[in-house]
1. Can you name every residue in the range B:146-189 that is of a type in the set (Val, Ile, Thr) and over 20 Å from the mean Cα position of the chain (by Cα)?
2. For B:PHE196, all conditions in the list (1) at pLDDT below 95; (2) within 8 Å of chain A (Cβ to nearest Cβ) hold save one; what is the number of the exception?
3. Check B:HIS133, B:HIS126 and return the single one that is more than 16 Å from B:ALA70 (Cα to Cα) and exposed (fewer than 15 other Cβ atoms within 10 Å of the Cβ).
4. Only residues in the range B:17-40 that are more than 10 Å from every other protein chain (Cβ to nearest Cβ) and on the phi > 0 side of the Ramachandran plot count as the first member; pair them with residues that are surrounded by fewer than 19 Cβ atoms within 10 Å (Cβ to Cβ) and not in a helix (DSSP H, G or I), Cβ under 7 angstrom, at least 6 apart or cross-chain, and list the lot.
5. State whether the residues of the range B:95-107 include one that is over 20 Å from the mean Cα position of the chain (by Cα), farther than 24 Å from B:PHE196 by Cβ, free of Cβ contacts under 8 Å to residues at least 24 places away in the same chain and outside any helix (DSSP H, G or I).
6. Given the conditions (1) more than 7 Å from chain B (Cβ to nearest Cβ); (2) modelled with pLDDT under 95, report the number of the one that A:TRP75 does not fulfil.
7. Give me the pairs, please: first residue somewhere in the range A:1-26 and facing another protein chain (nearest Cβ under 10 Å) and of a type in the set (S, T, N, Q), second residue anywhere and part of a helix (DSSP H, G or I) and surrounded by 12 or more Cβ atoms within 10 Å (Cβ to Cβ), beta-carbon distance under 6 Å, and either six or more positions apart or on two chains.
8. For the range B:187-199, name all the residues that are touching a Gly at 6+ places or on another chain (Cβ under 8 Å) and crowded, with 20+ Cβ neighbours inside 10 Å.
Amino acid sequence: MSAKDMAHHIANYRKIFVYLLIGTALTVTASYMEFNVQNSIAGAVFVGLTIAAIKGYLVAANFMHLNSEKKIIHWILLLTVFFLGLLLFIPLLWDLNLMSHY
Amino acid sequence: MEIPYNVQVREDTGVYNSKLGIWLFLASEVMLFGGLFSAYILLRTGAPVWPPIGEHGSIMHLLKETIPHATFNTVVLIASSVTMVMAWVSLKTKDLGKFRIYLGTTLICALVFLIVKYFEYSHKIHEGFVPSHDTYMALYFTLTGLHGLHIIGGMIVLGYFFGPGIKMWDNEPERFTNRIEIVGLYWHFVDLVWIFLFPILYLLN
């Protein structure tokens, strides 16, 4: 890796650090805001988790170098994300099942 | 016998072996935390009030008090991720002095995180909010406790590379650089998990 490449990497890491700090500040701010969704905190949950997902993407893509990683790593993660989605969806199936009984 | 492909890239995978290994390990870690996140969703959607009200009332007032500490800890962990990746960059530029500074800073950040967590735990337990108090507290201690164990595990490995493990740099610098990349991937994952734990446990209640 050339010195120029390294300088570019370092500048990028600094930029991502600032973005993550801004994201953290936004998450905390959003938790105090009223989103007025049927008297629930669904709006705040949506905003909070969206910001967390963006922050997670920034860490994975830049610090973990996923944006320049090999195909095999992407495939492993794609499979993992699929099963994670399934795992997180199970509680919703439970809810739907309960609703069908009423 | 020499272990193959710890520096050289394998032709079939396109990566060196330990990188493939750490990503498979991280995939299993995603499922481990994913199972607990799934339990969180199930218990939260099923609860009439969140966080539930137990013997000592609701945790809400204590949670609001601890938001600044948790925010501070989030910043500390993000900073540790930056110093971790900078430690790897230092090795790439063959600057061992800077590597020691960055890795040492990462270890200090991890220690600060655990100290803040200790005070947070002590305060909650002192007020009677133990894991058996309600389902929120059970999830809180399980998720943050498991995450804390990952921090301790990471610190042991980082401490090894800061101390005796650094000798490898003299004879096999590329292999040592790869080792730091691998432990870095684990460390960033621990940071990533916290990025999700912070809003769901402290903010969105």
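The values are calculated or read from the model by the stated rules, or taken from the named source; none is laboratory data. Computed from a prediction, not measured in an experiment: that's the story for all the values here. Cβ atoms come from the backbone with ideal geometry, glycine included; neighbour counts cover every protein chain shown.
1. Within the range B:146-189, the first condition is being of a type in the set (Val, Ile, Thr), and the residues that meet it are B:151-152, B:156-157, B:166, B:177, B:180, B:182-183.
Answer for the range B:146-189, where residues must be of a type in the set (Val, Ile, Thr) and over 20 Å from the mean Cα position of the chain (by Cα): B:ILE166, B:THR177.
2. (1)
3. Numbers: B:HIS133 fails: exposed (fewer than 15 other Cβ atoms within 10 Å of the Cβ).
Testing whether each residue is more than 16 Å from B:ALA70 (Cα to Cα) and exposed (fewer than 15 other Cβ atoms within 10 Å of the Cβ) leaves just B:HIS126.
4. none
5. Yes, the range B:95-107 has at least one match.
6. The one condition A:TRP75 does not meet is (2).
7. Short answer, once both residue conditions are applied: A:THR24/B:THR74.
8. B:TRP187, B:VAL190, B:LEU192, B:ILE195, B:PRO199
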